[in-house]
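J.: To start, I am sharing the structure in question, which I have written as structure tokens.
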Amino acid sequence: MLDIRLIREQPDLVKSRLAARSGEAAAKIDEVLAVDLERRKAETALQQCNADRKRLSKEIGGKRAKGEDTAGTEARVREIGDEIARLTEQTTAFDERQRQLLLEMPNLPHANAPLGTDAKDNPVIRSWGEKPALMEPLDHVALGTNLKLFDPERAAKLSGSGFICFTGAGARLERALIQFMLDLHTREHGYLEMSPPFVVRRECMVGTTQLPKFEEDMYGLEEQQLFLAPTAEVPVTNFHREEILAASELPKKFVAYTPCFRREAGSAGRETRGIIRVHQFDKVELVKITLPEESYAEHESLTANAERVLQLLGLHYRVIELCTGDMGFAAAKAYDLEVWSPGQNAYLEVSSCSNCEDFQARRMNLRFKDAEGKNRFCHTLNGSGLALPRVFAALIENYQRPDGSVGIPEKLQPYFGAAEIR
RNA sequence: GGUGAGGUGGCUGAGUGGUCGAAAGCAGCGCUUUGCUAAAGCGCCGUACCCCAAAAGGGUACCGAGGGUUCGAAUCCCUCCCUCACCGCCA
């Protein structure tokens, strides 16, 4: 959520930064300002009435103690009460309208974020490794089918299209990857492992910005008023919601494995081959809660931590920086990690590392006490470390052999328990 | 799922209709005393928002959340959430 004071004091700055993202949000700023003005007017009037009522009610108490008549004052307070009811309704309505507008307004891109309208404008920051030399590589669907690593048809029988069921060595590879990533981030990168609930309350989804704007992409449990988390970012970032942390305990670094549930409404037909886009997938997620001054340095290291997974697996990848038009709703700055897929002859996004600055923290009321004892909003960051099915797909495609078998990267072998799949 | 007891400031804990944003204690900060430490004494010590160009200052709200009763609610009533205890069921 954007700071209403910033909008009020520097509307042109806010508008121009939002415009770099999309015209739609920038156009709403004038409405926010108008509502804010009305809201404050109503609030000031309401407070004046409350002050009057408070004062007169005390007077009544004093007069009664002395046995004096209070009928006139009581009538007057009753009138004020009616006015208070009217003004309260008004204030609440403006409040809600303002909140609604602000909740649907995306974060301001960082001033240095590359300008652009969509993915084609995302600059490549660096790349690692090289494309493997493969003669007519099979894609992961063919490999997976041949080696019986997963079974989309039967998964559809269970849950519908867009679901996947890993089988045999495939299920084992999935598990090995999860454990490998968790061990790496906890033992070498200093993250605290979490195993959070997979279903969360609505407030959490609002806190990390999945709601209210993206409700059609979420799975909900209507009756219970709960949502299936679309990423561990939701339960883990919200872990400290409504808290005031000590500056000395920051940064907090969390890593969590969870399944992720996404309806992917509107993405039918795009990038949906095999296990590239499914309604339920596994992911190891990195989350940081930091001091504002340190969030950009922490963003770099978080990205490096995610990259390390691909390096240890020996998979060629590149890092791109998201341009203003392609960045996620909550992010001020974001890098994507894209792994090379020989089967699709394309790069696949396996991680998006975002610095949300105080955008989520405002919604969650997540603060820390600074050296002067003042409460300030924390910065929050998150990034996949990594998303499993696409790493799985890239791995078997990159390590396929002419005889149809698949090698296992050396670092993964202790987790997988074998050097190859055949 | 059932029954019972609770939810008050950083913590403990008083407060059952009016001068209560809230006693007291602890913790914290400042000062005094003291050879140092300890101890003692005194003072300060919640958050959010609004008014004000800003500062100074003033105001409103907040005692789990939301409604209601009342001139006036931490206090009375209703609904919900959460915690604890016991019973039942269960991986």
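No lab work stands behind these numbers, since they all come straight from the coordinates. Everything quoted here is computed from the prediction, not taken from an experiment. Cβ sites come from the backbone with ideal geometry, for glycine too, and all protein chains shown count toward neighbours.
J.: Could you work out the Rg to Rh ratio of the stretch A:319-385, with Rh taken as the Kirkwood radius (inverse of the mean 1/r over all Cα pairs)? Mind showing how you got there, number by number?
T.: Numbers: Rg = 16.0 Å, Rh = 13.7 Å.
Value, to two decimals: 1.17.
J.: For labels at A:M135 and A:E203 in the simple 7 Å Cα→Cβ model, what's the distance in nm?
T.: Using points 7 Å along Cα→Cβ, the separation is 6.3 nm.
J.: Once the principal axes of the Cα atoms of the stretch A:22-75 are found, what is the range along each, listed largest first in whole angstroms?
T.: 67, 14, 9
J.: Would any residue of the stretch A:393-422 have its amide N under 18 Å from a label point 7 Å out along Cα→Cβ of A:E188? List them or say none.
T.: Flagged as within label range: A:395, A:408-417.
J.: Just the number: Rg to Rh for chain A, Cα atoms, Kirkwood Rh, two decimals. Before the final figure, lay out each step's value.
T.: Working: Rg = 26.7 Å, Rh = 24.2 Å.
Checking Rg against Rh, the ratio lands at 1.10.
J.: Using 0.36 nm times the number of residues separating A:S22 and A:D403, minus their current alpha carbon distance, what extension gain do you get? Provide the component values of the computation, followed by the final result.
T.: On the way: separation 381, 0.36 × 381 = 137.16 nm, distance 5.01 nm.
Here the segment from A:S22 to A:D403 would lengthen by 132.1 nm.
J.: Just need the Rg to Rh number for the stretch A:94-148, please, alpha carbons only, Kirkwood Rh.
T.: Numbers: Rg = 22.3 Å, Rh = 17.1 Å.
Ratio of gyration radius to Kirkwood radius: 1.30.
J.: Treating each Cα of the stretch A:184-290 as an identical point scatterer and ignoring solvent, apply the Debye formula and state log10 I(q)/I(0) at q = 0.10, 0.16, 0.18 Å⁻¹.
T.: -0.33, -0.78, -0.93
J.: Same structure again: Can you compute the charge dipole magnitude of chain A about its Cα centre, using +1 on each Lys and Arg Cβ and -1 on each Asp and Glu Cβ, nothing else charged? Give it in debye, rounded to the nearest 20.
T.: Numbers: 56 positive and 64 negative charges, 138 e Å.
Taking the Cα centre of chain A as origin, the dipole is about 660 debye.
J.: Apply the Kirkwood formula to the stretch A:115-174: the hydrodynamic radius equals the inverse of the mean of 1/r over all pairs of different alpha-carbon atoms; give it in Å with one decimal.
T.: 14.8
J.: While we're here: Can you give the alpha-carbon Rg of the stretch A:26-126 over 2.2 N^0.38 Å, where N counts its residues?
T.: Values: Rg = 24.5 Å, N = 101, 2.2 N^0.38 = 12.7 Å.
Working it through for the stretch A:26-126, the quotient is 1.92.
J.: If you don't mind, another one. Relative contact order of chain A, please, whole-number percent, based on alpha carbon pairs below 8 angstrom and at least 6 residues apart.
T.: Working: 787 pairs, mean separation 80.3, N = 422.
In percent, rounded to a whole number, it is 19.
J.: I need to check one value: relative contact order of the stretch A:135-278, counting alpha carbon pairs closer than 8 Å and at least 6 residues apart, in percent. All intermediate terms of the calculation are to be shown ahead of the outcome.
T.: Working: 165 pairs, mean separation 35.4, N = 144.
With pairs under 8 Å counted, the relative contact order is 25 percent.
J.: Using the Cα centre of chain A as origin and beta-carbon charges of +1 (Lys, Arg) and -1 (Asp, Glu), tell me which of A:V77, A:A42, A:N146 is placed farthest towards the positive end of the dipole.
T.: Value: A:V77.
J.: Right, here's the next one. Let's test the formula: R0 of 51 Å, r as the Cβ-Cβ distance of A:K157 and A:D370. What FRET efficiency results, to the nearest 0.05?
T.: Working: r = 56 Å, r/R0 = 1.10.
My answer for the efficiency is 0.35.
J.: In addition: Could you list, in their original order, any pairs among A:K252/A:K333; A:K288/A:K374; A:K333/A:K369 whose Cα atoms are separated by more than 23 Å?
T.: Values: A:K252/A:K333 19 Å; A:K288/A:K374 21 Å; A:K333/A:K369 25 Å.
Flagged as over cut-off: A:K333/A:K369.
J.: Next question, about the same structure. Among A:V77, A:V32, A:V141, determine the one that fluctuates most according to a GNM of chain A built with springs between C-alpha atoms less than 10 Å apart.
T.: Of the options given, A:V77 has the highest mean-square fluctuation.
J.: What does the charge dipole of the stretch A:76-164 about its Cα centre add up to, to the nearest 20 debye, if the Cβ of each Lys and Arg holds +1 and the Cβ of each Asp and Glu holds -1? Display every interim value, and only then the final one.
T.: Values: 11 positive and 14 negative charges, 42 e Å.
That gives a dipole near 200 debye.
J.: For the stretch A:225-351, report the convex hull volume of the alpha-carbon atoms normalised per residue, in Å³, without decimals.
T.: Details: hull volume 18.5 nm³, N = 127.
Expressed per residue, the convex hull around the Cα atoms of the stretch A:225-351 is 145 Å³.
J.: What are the principal axis extents of the Cα atoms in the stretch A:307-422, in Å, biggest first?
T.: Sorted from largest, the Cα extents of the stretch A:307-422 read 65, 34, 18 Å.
J.: Over all directions, what mean area does the Cα convex hull of the stretch A:168-244 project, stated in square nanometres?
T.: Working: hull surface 28.8 nm².
Averaging across all directions leaves 7.2 nm² for the Cα convex hull.
J.: Go ahead and set up a Gaussian network model of chain A, Cα springs under 10 Å, then flag whichever of A:N345, A:N107, A:N365 fluctuates most.
T.: Maximum among the listed residues: A:N345.
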